[in-house]
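Reading through the structure tokens given below for one structure.
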Amino acid sequence: MDTGAGSSLYDAFATVARENESRVALYFLGKPLTYHALISMSDSLAHNLDEMGVDKSAAILAGNSPQFIVSILALNSLGLGAALLRPGESPEEYGAEYVIASDYMMNYREFNFRDLFLIRDEDFAPYGTSLKYYFREYLGERPDLMSRPGVHRISDLVFDRVSSPERQRNADGVAIIKRTQKAQSQILLKNSDILSSIQDISNYLEGFRKNIVVSSSLYHLSTLQFIFTALLNGGTVNLVPDYIDASTTMKLAEKLESNMVLGNSNLYGQIIRKKIGIPKSIRFLFLLGEDFTADFMSSFQNQTGRTIKVGYDLTAIGGCATLTPIDSDYDGSIGKPLSGVKIRITDRSGRDVQPGEIGLIEVSSMHFAGGSENSYYSTGDLGFMDADGRLHLERSRRMIINGTLIDPEPIEAEALKVPGVRDMAMGMQYDSGLPALVAYVVADDLNGIKRFFSTKVPPYLRPSKYVQVRKIPRSPAGKVIRDQIVDAGKQGEQKVSAST
């Protein structure tokens, strides 16, 4: 893969697109988009955004779709950054006046914006295919959105054919904008940062076909690394919507002869629970940035005869930092540092600890958040390096469910408005070795809160379990004490089981 010196993400992709015009770049729900179609849609959107006066970075709050990738390329073409929002984040936290969003992702919150470019459910697929058939459940609707000032259908902006514009783009231009929960300021990732991190994955997969099934959320930088690794190598991405069922995903993978899968715990959990077969064409399975147990990995291998390659994902500052070596299987670690990454483990005073000793994980990379080879970023996670240079992660208290880092407070604030709900909080439990989201509710019955989640909240933010409790543990300042919430839930479960 040669991105060219001083190149931008858009320019690197445009070069490959010109050389592979008729080749399929992307399948979505089994429908093809060629490299020519994908770059044409990006150019069209960029042209229309420019004509409408969009001159600042835009926030993207969308589910997996071609429009997500088109939007990143279009903004990059204009020299503007794409702020990738995880579910629950607000564009206002980024100071974004312009928002590109899926209708169902905005369902449970109200946002302020100057212009909203709306990806409607029926506009998700390249030629207009509703997701309702695939989800087979209610996604929520916002019929009021199209009547508001400043709301535009993105489908009206991506199908005009325009010539590729000549604009000033360079390696030092901002490509992606992210936030972390610990950093006060936004993380600005340059084109050179993104392209260097893509090169890391390309080196890792050197010698293998790069046709990949992606069901992990696109707001993860590691997911984008894998997608653009395939695209910048002339490969094909089989993109499936968030939370599409595993059976459909595997059938699409077999039909389109993909040789890799980048999935989340929801996908792999379904494969075990429903005993879904994995196509023989699939060579590698990946699971990045999620919490899981060794028991789950053992169960998966025993049932399927396959192993999953795992990795440490720094989704806010540069993507994938470690991966299981391509020629080895799961060994209890979360892989070795990629070629462009260095990791050290330190104590509270900042001194390096010995191999095998638990400490704070710090990561250094030339392409993580504009860092240098000798500058380290403290992740806040605990872990240790073994004698073979593999990273082991201590179980963290982050709420990572199916690849999504959950920010529970905005959801809880809206849920507290539900009639009959006196208090509620969200927590995490383990089910068959994988994390599961649980709603702990102080209410006489659970019908109201269940209705709220089923009609107002995107599928991957919905609890798998509801537990009635007498009281939510809170601090004197009113903050949920999440360390104590599981114990409160166990008491609630005992009470419910005793009364039924």
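Within the straight-line cut-off of under 13 Å between alpha carbons, the aspartates and glutamates reachable from Lys274 are Asp245, sequence neighbours fewer than 8 places apart in one chain being disregarded. Taking K and R as +1 and D and E as -1, what net charge do the other residues with C-beta under 10 Å from the C-beta of Ile276 add up to? Net charge around Ile276: +3. Applying 1/(1 + (r/R0)^6) with r as the Cβ-Cβ distance of Gln484 and Asp295 and R0 = 22 angstrom yields a FRET efficiency of 0.30.
When the pairs Lys210/Lys251; Lys190/Lys255; Lys280/Lys465; Lys275/Lys465 are compared against a 27 Å limit on Cα-Cα distance, Lys190/Lys255; Lys280/Lys465 fall above it.
Note that segment 1-111 presents 28 Å² accessible area per residue, ligands and nucleic acids not counted, probe 1.4 Å.
Once all protein chains are placed together, Tyr10 keeps about 0 Å² accessible to a 1.4 angstrom probe. Extension gain, Phe111-Asn170: 0.36 nm per intervening residue step, less the Cα-Cα distance, totals 18.0 nm. Among the protein heavy atoms of segment 427-487, carbon and sulfur supply 47% of the accessible surface, probe 1.4 Å, non-protein parts ignored. With every protein chain present, what accessible area does Leu188 have (1.4 Å probe, heavy atoms only), rounded to the nearest 10 Å²? My reading of the accessible area for Leu188 is about 90 Å². The 1.4 Å probe gives accessible areas that order Leu360, Leu218, largest first, as Leu360, Leu218.
Modelled spin-label separation between Val162 and Asp386, with each label point placed 7 Å from Cα along the Cα-to-Cβ direction: 5.4 nm.
Only protein heavy atoms count here; under a 1.4 Å probe, Ser378 has an accessible surface of about 40 Å². Please name which of Leu382, Gln301, Leu252 has its Cα lying farthest along the dipole of segment 250-388 towards the positive end, using unit charges on Cβ (Lys, Arg +1; Asp, Glu -1) and the Cα centre as origin. Positive-end residue among those listed: Leu252. Solvent-accessible area of segment 198-317 (1.4 angstrom probe, protein heavy atoms only): carbon and sulfur portion equals 45 percent.
The values are calculated or read from the model by the stated rules, or taken from the named source; none is laboratory data. These numbers were taken from a predicted model, which means no experiment stands behind them. Please note: Cβ atoms are built from the backbone with ideal geometry, for glycine as well, and neighbour counts cover all protein chains shown. For the accessible areas, the whole protein counts, side chains as well, though only heavy atoms, and no ligand, DNA or RNA atoms are used. Shrake-Rupley method; radii C 1.70, N 1.55, O 1.52, S 1.80 Å.
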